[in-house]
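Q: Encoded as structure tokens, here's the structure I'll be asking about.
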């Protein structure tokens, strides 16, 4: 651990990078990089929300049928509830909404005949009508993206 503040660490690190790479990007390039990184962050956060809901989904399913979890698995799950509760504190309702969308997506896994498509071990697979959950609209856009949207510059970051 460092005893530097984050700002001190960041400025020193960036200075080291820019010196080593003789990097002196124009403002427009730096702004574009910020937008690119925010886009990547939003996509990663959307993926993170989906995987969080997936864990909640399978753990709730195991609990519903009274499945006893191994000590190893219980140890791995011990800290997990902290994550969704912190996310929900920052963005109230986001975990429940994500969970509902993941559930709807899971229900779309049924085959054309209305029956589940299963792997040999019983795991439900994605059927022909599977629709992944759309979560990007739940992810905070941030001021750069919101400013672009307000200016009408694009349907910026509006997933498909």
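Q: With an 8 Å Cα cut-off and a minimum separation of 6 or more residues, compute the relative contact order for the range 26-150 in percent.
A: Relative contact order for the range 26-150 comes out at 29 percent.
Q: How far is helix 27-64 tilted off the main Cα axis of the chain, in degrees rounded to 10, range 0 to 90?
A: 20 degrees
Q: Could you tell me what % of all Cα pairs in the chain have separations over 20 Å?
A: Of all Cα-Cα pairs in the chain, 68 percent lie more than 20 Å apart.
Q: Something else now. Taking 0.36 nm per residue of separation and subtracting the Cα-Cα distance, what length does fully extending residue 63 through residue 7 add?
A: 15.7 nm
Q: Which angle between 0 and 90 degrees, to the nearest 10, do you get for helix 94-107 versus the longest principal axis of the chain when only C-alpha atoms count?
A: 50 degrees
Q: Let me ask something additional. Compute the Rg/Rh shape ratio of the range 11-94: radius of gyration over Kirkwood radius, all on alpha-carbon atoms.
A: Working: Rg = 20.3 Å, Rh = 16.6 Å.
Here the Rg-to-Rh quotient is 1.22.
Q: What is the gain in length, in nm to one decimal, between residue 88 and residue 75 on full extension, counting 0.36 nm per residue of separation less the C-alpha to C-alpha distance? Spell out each step's value before the answer.
A: Details: separation 13, 0.36 × 13 = 4.68 nm, distance 2.28 nm.
Net length gain for the segment: 2.4 nm.
Q: Something else about it: How much length, in nm to one decimal, is gained on full extension between residue 106 and residue 118, taken as 0.36 nm per residue of separation minus their Cα-Cα distance?
A: 3.0 nm
Q: Between the range 19-75 and the range 111-132, how far is it from one alpha carbon centroid to the other, in angstrom?
A: 26 Å
Q: Please identify, among 26, 128, 140, the residue showing maximal mean-square fluctuation in a Gaussian network model of the chain using a 10 angstrom Cα cutoff.
A: 26
Q: Based on DSSP H runs of at least 4 residues, each adding -39500 (n - 2.57), what is the mean residue ellipticity at 222 nm of the chain after dividing by all its residues, to the nearest 500 deg cm²/dmol? Intermediate values should be presented prior to the final figure.
A: On the way: 6 runs with 91 residues, N = 160.
The helix-only estimate for the chain comes to -18500 deg cm²/dmol at 222 nm.
A short reminder: the numbers here are calculations on the coordinates, not readings from a lab. Keep in mind it's a predicted model, so treat the numbers as computed, not measured.
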